[in-house]
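Data block below; observations after.
The values are calculated or read from the model by the stated rules, or taken from the named source; none is laboratory data. The structure displayed is predicted, hence computed values, not measured ones. Cβ atoms come from the backbone with ideal geometry, glycine included; neighbour counts cover every protein chain shown. Surface areas here come from the heavy atoms of the whole protein model, side chains and all, with no ligands, DNA or RNA. Shrake-Rupley method; radii C 1.70, N 1.55, O 1.52, S 1.80 Å.
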Amino acid sequence: MGGSLTSHLNAKEHKYISEHIADTLENLTPLYQHHYCSNLLTHLRNKHTEPIEPRPLIQHADVITHAGIVLEATLPQYLNGVWTHRHVQVTNNFEVESREASEVFEGGWGCKTEFVLSGCHICTSIHEHCGLVDDMCRHITGKSEDKLACWDCPTEFPVFIQHPYMAPVCLATASSKEQAQWANILRAATQHQSSALWCKDSPESRAFLEAVSSLKKLRKNNKSEVPPVGNEEEVVISIVMEEIVYYLKEQVFPRITACRNKQRKTWIRLLSEVYRTTEHQVKAAMVVLKEELSRYQSDVEKKITAGLQQTSLLQDHITHTISEDTCEMLLHSLLHTIIPRLDRTLQEVATPICNGFASTWKYFLETCDDIIEIGPTSTSATNVNKEVLSALRGLGPDNARMWKCLDRLELTSKSREWLQDTWGVHSGTWRPLLLKAQNALYKVVDMCAVMFGRLVSRYPCFSSDSSQLTAVLCKVKDRVLKHLETEMLALRSHLILEMILQIALPTFAQDVNAQDLSRYKAMIDPEHAFFIHPDTIFNSILRDNLTSYIKSEMRYSLPQKFVTLPVGVKDLCSPGVPKPSHYEHLHPSDCRQKSSQISEDSSSESETLIPSTVSNEEDTLTNSENHILSLLDAGENIHLTESRMNYSDQA
């Protein structure tokens, strides 16, 4: 996608890339096997104790109410360095394909270009796209006036697709309405493709993500801890590109640099060529690797299942021993490293999330009210269903107002700057988290919209009495909103917790990672050494202890009704992980006295996040939007991962 036909790489450089890919996969494979054993053991233990494993919200498949094609059009398109008329379509599973217009009209669909959108930026402003290009070419010094051909759009309504490592693609739409529609649909496709691994939430996907993190640490390439995006192949390609970009800048680019005013074009063409070369080789290698790992997974599952009980007891014993040995170290790190920064971090992260959820709730509620208004004007059940479906379709991925709600989840530039200065969190770290949060929130709204339509369709006929029809629609609305508020409370708390963990965990791990784990390996029998790894147990203990404290801090800093967290129910921590003996003595109110004072400019922009300003009678989703129903009672607790939806049961 967006490449150039020019070849810049010589045989030596092709060999270097091939060897680097082979080395990456060779190092990744044992790490994956290592983490897969641990994740599968935890998965089987949970499955053994809980026959029905809770599924997190982000695991639900995207629901598109349209037919097989969400959006398609034939329009001018800048691709592979030239402008040409092409047919572009977005399928209902958010795959984006482009074909020559002549092939479409002649009935030929075989030759197509598939857009890789994971990690992409979608924008409609030339000025904004210039900023993305400048960021892509930061290493090129001096003033560069080379103008990209994609900026000479034949219409006034361009839609730019900018991949981190490929040349830009531009769609020339015919109107502002068409421009907004394409931009919004492509943003939805970007979220979907970027969240591919997160949404699986299986032992395989978790093991792969952890293996990638371990590989970056092994190669000391984890300065920013940027979460990977895309599917397995795209993640591996990104790892390779991240690691060879320095080689390209220092060794390859100087050799091929043309005249000074064309350096940016040359660099973008070089990146595109290297990405396409890497993509081709990685995809071919991953086919073989996946077959090998599939056989490995089957063998491991049989071995773990055969001795699950004994293996679990041994893992619990080692976990308890490591927890007791590291208790003081963990408490010291919490007191002196984490706690002084955590309060403001919580405010900076929770503010946009809560604002985005409040806006989304209000919009969904207004849509329900619109449905109730138009319902009595319909003359038949068929018309009612059509009107309802038409209103719900307005909540689709191309809806501009929905995107305004989702965009409110974004941190301000001041917040991102503070997080980078305080935690070393690069802006690239936040973008994947934003895509994940937006994708998850949209899925919740989309599921409830589908639920509304299905409940209405269950009524075979409606009374001619408009008051009775209104009563039916109000009943459906109340039922859907009840479900929506439960889902949103659970998801919102989950997102705040996960984002704080993503920010603070690398610092926490670095602070206490001096632990010598070699003596714990002697406690493991050879037959169990295949499944039980002290390093993964130690990392799990770090995460679980930090998770417990963050949840405790959320209860203290945020009103309990505002962000409901589980109290007295099963904790998010892995089974068998005990809390340190001294942990119960560490309370946020005590630790806060040891923390440094937060400056006045760190106060939250949202008054709803300050306990003293939120009474028990106020709304929990927002303090200023009046159309929200009363939420769950403060004593009612929601497990962060047990919210799931079965449409048939709900209906």
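Of the residues making up the range 169-202, those that are over 22 Å from W430 (Cα atoms) and open to solvent by 10 Å² or more (accessible area, probe 1.4 Å) are A174, S175, S176, K177, E178, Q179, A180, Q181, S202. Among residues of the range 499-513 that are within 15 Å of P340 (Cβ to Cβ), those with a Cβ under 8 angstrom from a residue that is aliphatic (A, V, I, L, M) and not in a helix (DSSP H, G or I), sequence gap 6+ or separate chain, pair up as I503/V425. When the range 254-265 is filtered for residues that are touching a residue at least 60 places away in the same chain (Cβ under 8 Å) and either out of contact with any His (no Cβ under 7 Å at 6 or more places or on another chain) or over 22 Å from N80 (Cα atoms) (or both), the ones remaining, listed by number, are R260, N261, K262, Q263, R264, K265. Kindly evaluate L335 against the criterion of being aliphatic (A, V, I, L, M), open to solvent by 30 Å² or more (accessible area, probe 1.4 Å) and free of Cβ contacts under 8 Å to residues at least 12 places away in the same chain. It is false that L335 is aliphatic (A, V, I, L, M), open to solvent by 30 Å² or more (accessible area, probe 1.4 Å) and free of Cβ contacts under 8 Å to residues at least 12 places away in the same chain. All of E301, E348, E273 fail the test of being open to solvent by 60 Å² or more (accessible area, probe 1.4 Å) and either in a helix (DSSP H, G or I) or modelled with pLDDT of 90 or more (or both), apart from E301.
Given the criteria touching a residue at least 60 places away in the same chain (Cβ under 8 Å), open to solvent by less than 10 Å² (accessible area, probe 1.4 Å) and of a type in the set (V, I, T), does T429 qualify? Criteria met by T429. All of R454, R492 fail the test of being out of contact with any Lys or Arg (no Cβ under 7 Å at 6 or more places or on another chain) and open to solvent by 10 Å² or more (accessible area, probe 1.4 Å), apart from R454. The residues of the range 359-406 that are of a type in the set (G, A, S) and modelled with pLDDT of 90 or more, listed by number, are S359, A400.
Total residues in the range 99-130 satisfying the condition of being modelled with pLDDT of 90 or more, touching an Asp or Glu at 6+ places or on another chain (Cβ under 7 Å) and either under 14 Å from C170 (Cβ atoms) or loosely packed, with under 15 Cβ neighbours inside 10 Å (or both): the figure is 1.
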